[in-house]
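A short worksheet on the structure shown next.
Computed from the coordinates by the stated procedures, all read-outs in this text should not be read as laboratory data. Treat the numbers as computed from the prediction; the structure is a model and nothing was measured. Every residue, glycine as well, gets a Cβ built from its backbone with ideal geometry; the counts of neighbours run over all protein chains shown.
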Ligand code: DGL
C-alpha cells in the first residue's frame, strides 16, 4: 500500500481537459468553504475516442497524482473517465492504494435526478463516443427509472472545438446544430437532454440556440454538487478529512500559460496553474 499523507487535504477534481471546470464551478457554488485541486490532462485530451484501457490507465495516474497531492476524495469530473475507469478504480485499485480514500463519478448523480425532470419519459444523452458506447447512462438511468427511454448520440467534434478555444465561433454552430437535429430526429419525444460530457456546458449558448424550446437542457454541475453535499452528510468521516479554507489550485499536464489563457474564458478570473506530469 502507498503511504499517502494522513493529514486532511483538498478535494480533487479531475478531467481530461477543461470540461471538469464546469463541475468544479457547480461544486464551488454550493460548497465554497472547501479547498479544491483541479487537474486537467490537457496534454492528452480528448479522451472521448480512446480505448477502455487507455482511459483507465490515464485516469488511474491522475487519481494517484491527486492522492499524492494530499486529496482524500477525488471527483472524476469527466463522464468518459466515469464510464470507463471509475468502477475498476473503486473495486481493484482503491483497496491496494488506500482503502480509506474515495473516488466518485458524475454519471450516477445525473441518473438519479433525471426521472424527476422528464415528463415525456424520453431522455436524450449527448456525450463522447466512449461514454455512449459504454451504455453507462442507459444502464444507470434504467436501473433507477425503468419507464424512461434513453437515446444517446456521440458528438466527437465538440470536445476538440472546446479544447481548441473555438466554442464561440460560427463553425461551432454548424457542428452543434447537426448533432442536436440528429438526436431529435431519432426520438422526437425527447423533452430532456443531458449534456453527458462536462465540456459541453461551455457550448451552452450554441446548444440553447439549436434545441427546440420545449426541451430542457441538463448540465451536470449543480446535480454533482448536490450529490456531493449529500455524500458529506452521510460520510462525516470523509467531510472531516477535507480542509476548508475556500482555496483552489489548478494543475495541468499541458503548458500552464496555455491552460491559463483558455481557462480564463470559462472561469472569468485569473488563475494560478502549475504543470504536472502523469505516469
Ligand atoms: N469532459 C469529458 C467528459 O465528460 C471528456 C471529454 C474528452 O476528453 O473527450 O466526457
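Multiply the residue separation of residue 261 and residue 68 by 0.36 nm, subtract the distance between their alpha-carbon atoms, and state the gained length in nm to one decimal.
Stretched out fully, the residue 261 to residue 68 stretch lengthens by 66.8 nm.
If a paramagnetic tag sat 7 Å from the Cα of residue 119 along the Cα-Cβ line, which residues of the stretch 181-214 would have the backbone N under 11 Å from that point?
Flagged as within label range: 191, 214.
Mind sorting 204, 64 by how few other Cβ atoms lie within 10 Å of their own Cβ, fewest first?
The fewest-first ordering by Cβ neighbours comes to 204, 64.
Under the Kirkwood approximation for Rh and a Cα-based Rg, what ratio Rg/Rh is obtained for the stretch 147-194?
Over the Cα atoms of the stretch 147-194, Rg/Rh equals 1.04.
Quick check: the distance between the Cα centres of the stretch 32-64 and the stretch 181-225, to the nearest angstrom?
24 Å
Between the stretch 85-121 and the stretch 132-155, what is the C-alpha centre distance in whole Å?
Measuring centre to centre over Cα atoms gives 14 Å.
Order by neighbour count: 71, 78, fewest other Cβ atoms within 10 Å first, most last.
Sorted ascending by nearby Cβ count, the order is 71, 78.
Pick from 59, 262, 80 the residue whose mean-square fluctuation is largest in a GNM of the chain, springs joining Cα atoms under 10 Å.
Answer for the Gaussian network model of the chain: 262.
Hey, fewest Cβ within 10 Å first, where do 199, 72, 122 land in order?
122, 72, 199
Per residue of the chain, what 222 nm ellipticity follows from adding -39500 (n - 2.57) for every DSSP H run with n ≥ 4, rounded to the nearest 500?
-13000 deg cm²/dmol
Helix 256-267 sits at what angle to the longest principal axis of the chain, using alpha carbons and giving 0 to 90 degrees rounded to 10?
So the helix axis and the longest Cα principal axis differ by about 50 degrees.
Give me the angle, in degrees from 0 to 90, between the Cα long axis of helix 20-30 and the longest principal axis of the Cα atoms of the chain, rounded to the nearest 10.
Orientation of helix 20-30: about 80 degrees from the principal axis.
Compute the FRET efficiency between residue 139 and residue 239 as 1/(1 + (r/R0)^6), taking r as their Cβ-Cβ distance and R0 = 30 Å, and round to the nearest 0.05.
Once rounded, the FRET efficiency stands at 0.50.
Could you compute Rg(Cα) / (2.2 N^0.38 Å) for the stretch 182-279, with N its residue count?
Compactness ratio reported: 1.45.
Under the classification rounded if a/c is under 1.5, otherwise prolate if a/b is larger than b/c and oblate if not, where does the stretch 211-265 fall, given a ≥ b ≥ c as square roots of the Cα gyration tensor eigenvalues?
It comes out oblate by the Cα gyration axes.
Could you compute how fast the chain diffuses translationally, taking Rh as the Kirkwood radius over C-alpha pairs and applying Stokes-Einstein at 37 °C with viscosity 0.692 mPa s? Give it in µm² per second.
175 µm²/s
What is the extension gain from residue 214 to residue 61, computed as 0.36 nm multiplied by their sequence separation minus the C-alpha to C-alpha distance, in nm to one decimal?
Gain on stretching residue 214 to residue 61: 50.9 nm.
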